[in-house]
Structures are given as structure tokens and as C-alpha cells.
Amino acid sequence: MSEVLPDRTAAHREMKRQEMMAKVPVRYSGRAHWAFINLTTVLGIGLCLVMVERPVWWEWLFVPGFFVFANAFEWWIHRGPMHHPTRGLKILYERHTLQHHVFYPADDMAFRDPRELFYVLFPPFALPVLLLVNLPIPLLLGTFVSANLAWLFFLSVLAYYFVYEWFHYVHHLRRDSWLGRRALVGWLRTHHTRHHVLASMEKGNFNVSFPLFDWLLGTMLPEGEGESAWQTD
């Protein structure tokens with residue numbers, strides 16, 4: 001883990017930020033990236049709703065289960081490939097541990113410019129890859145249970161991804177912004193900020209959205225974890 005521990009001086013950290021920002025593609029637009037994520041997920045959710053035909057009550061009961069599955073998947077991929085080099089998934093480790101965590105230490109979480117969203121949001125190809133990785137599940141549901149369940153699974157994954165990106169976005173807003181001042185955002189941001197303490201990032205708080213599996217699996221970092229390094233709400 002020592003390779004990701006930067007010099008703590010403000011001057012060195014600012015130099016590191018500038019160095020990383022220089023690697024952002026010249027034509028990159030944070031606003032366009034954010035708009036693309038919102039547009040594609042909302043359109044995808046709309047398509048899934050259109051494809052669901054006369055669902056019966058028990059089919060809708062699967063949706064909460066799909067969300068729980070998505071929460072478990074979020075916990076697993078964050079705790080595993082995003083923090084440990086994994087064959088075939090090393091890009092996740094590089095973008096998350098070596099870039100996102102270095103760019104946003106716990107005491108400096110807010111993005112200052114929309115171009116910094118390059119280091120906050122998942123790249124545009126992430127959603128198609130996520131859907132492809134999970135494709136066997138809706139295929140099995142559609143084949144052995146009902147086509148509606150397949151589309152409801154896709155809908156749930158898209159909705160969860162939408163929520164995840166929104167939550168992560170607001171975690172990295174300025175604390176004095178309108179959204180940043182909301183009580184729920186403050187609580188979730190504190191949960192996420194504890195994860196950004198470099199000495200604690202491999203220990204817990206792997207759910208960026210709802211900390212369900214952090215609670216179930218005992219990876220909730222305790223209050224006060226690393227908080228001497230940053231100002232709490």
C-alpha cells in the first residue's frame with residue numbers, strides 16, 4: 001500500500017493534482033460526462049419499463065432483491081478489484097486506488113473544477129461492461145422464469161448505477177453547496193470520507209451508496225476512524 005501514500009504536504013499534493021490533471025484528455029468535459037451518465041441511465045430505465053409487459057405482483061417483489069444483489073456486488077468489487085490488482089481488472093485498481101484516492105485524500109474531498117470529475121465518475125464504458133458481466137443472470141431469468149424478470153433485473157442494475165454515481169458525485173461536492181448541506185448527504189459523505197483515509201481505505205466502508213453490506217459483513221469503520229486528518233460535519 002505504500003505506493004499510494006503521497007507526501008502529506010500541501011505543496012506536494014497540489015503538485016500531484018496538477019500532474020494528474022495534465023493527464024486528463026484535452027477535450028474531456030466533466031459536464032458532458034455527467035450529462036452522458038444521467039441521460040444513458042434514464043433512457044435505459046425508460047426502455048426497460050417499456051419492455052416490461054403486464055407484470056404480476058410477484059415479479060415486482062424481485063426488485064428489492066436485485067437491489068440487495070447490486071449492493072453486494074458494489075461491496076465486493078470495491079473491496080476486491082478496486083483496491084487489489086486483479087488479473088483482467090487491473091484498470092479498476094489503477095483508476096480507483098492509484099488515481100481517485102490519491103487525488104482526493106480525506107481532508108480534501110471536494111472537486112474544484114468540473115474537469116476533475118474525470119477522477120470521480122466511472123468512464124463511459126463502465127456501464128456497458130457492467131451489464132455484460134451480469135448478462136448471464138437476466139438470460140437465465142428470462143429463459144426459466146419470465147422475460148419481465150430479465151427486464152426488471154436490467155432496470156434495477158441501471159437504477160442502482162444511477163444512484164451510485166449520484167451518491168459518489170455528492171460525496172465529492174463542496175460541503176457548503178446546497179446538496180452538500182443536506183443531512184443525509186452529510187452522513188453518507190462522512191461514511192465515504194472515512195474510507196478515503198489512506199491508512200483505512202482497505203479496511204472498510206466499501207459501500208459508496210447504501211452501507212448495507214458494510215453493516216452486514218462488519219466492515220463499517222468506527223466513528224473517529226482517521227478523523228484527526230479531516231474536519232467532520
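None of the figures in this text is laboratory data; all of them are computed from the coordinates on show. Only a predicted model underlies this, so the values are computations on that prediction, with no experimental measurement involved. Here Cβ is always computed from backbone atoms with ideal geometry, including for glycine, and neighbour counts include all displayed protein chains.
In the stretch 119-191, what chymotrypsin sites (Phe, Trp or Tyr not before Pro) fall in a loop by DSSP, with at most 10 other Cβ atoms inside 10 Å?
Phe125, Trp178
Per 0.36 nm of contour for each residue apart, how much would the distance between Phe125 and Ala32 grow if the chain were fully extended, relative to their Cα-Cα spacing? Write out the running numbers ahead of the final one.
Details: separation 93, 0.36 × 93 = 33.48 nm, distance 1.44 nm.
My answer for the length gained is 32.0 nm.
Projecting each Cα onto the charge dipole of the chain (Lys/Arg +1, Asp/Glu -1 at the beta carbon, about the Cα centre), which of Leu43, Phe154, Leu98 comes out farthest on the positive side?
With unit charges placed on the Cβ atoms, the residue in question is Leu43.
Would you kindly derive the ³J(HN,Hα) couplings of the stretch 37-43 from the backbone phi angles with the Karplus curve 6.51 cos²θ - 1.76 cosθ + 1.60 (θ = phi - 60°), listing them in order in whole Hz, with x for Gly and Pro?
4, 5, 5, 5, 6, 5, 5
Answer with one residue from Val197, Val56, His172: the one whose Cα lies farthest towards the positive end of the charge dipole of the chain, charges on Cβ with Lys, Arg +1 and Asp, Glu -1.
Highest projection toward the positive end goes to His172.
Within the chain, which is the longest segment that contains none of the trypsin sites (Lys or Arg not before Pro) sitting in a DSSP loop with at most 10 other Cβ atoms within 10 Å?
The longest such stretch corresponds to 113-233.
Could you work out the relative contact order of the stretch 33-229, using alpha carbon pairs under 8 angstrom and six or more residues apart, expressed as a whole percent?
RCO, the stretch 33-229: 28 percent.
Calculated from DSSP H runs of 4 or more alone, at -39500 (n - 2.57) each and per residue, what is the 222 nm mean residue ellipticity of the chain, nearest 500?
Calculated from helices alone, the mean residue ellipticity at 222 nm is -16000 deg cm²/dmol.
Please list, in order along the stretch 139-152, the HN-Hα scalar couplings obtained from phi with the Karplus expression 6.51 cos²θ - 1.76 cosθ + 1.60 (θ = phi - 60°), rounded to whole Hz, x for Gly and Pro.
Taking θ as phi minus 60°, the curve returns 5, 5, 4, x, 7, 9, 10, 7, 4, 4, 5, 4, 5, 5 Hz for the stretch 139-152.
Kindly write out, for the stretch 76-82 in residue order, the coupling ³J(HN,Hα) from the Karplus curve 6.51 cos²θ - 1.76 cosθ + 1.60 (θ = phi - 60°), rounded to whole Hz, with x marking Gly and Pro.
5, 6, 6, 5, x, x, 6
Can you give the FRET efficiency to the nearest 0.05 for Ala22 and Ile91, using r as the Cβ-Cβ distance and R₀ = 30 Å?
Once the sixth-power term is evaluated, E becomes 0.90.
Relative to the present Cα-Cα distance, how much length would full extension add between Glu14 and Leu47 at 0.36 nm per residue of separation?
Separation in residues times 0.36 nm, less the Cα-Cα distance, equals 7.5 nm.
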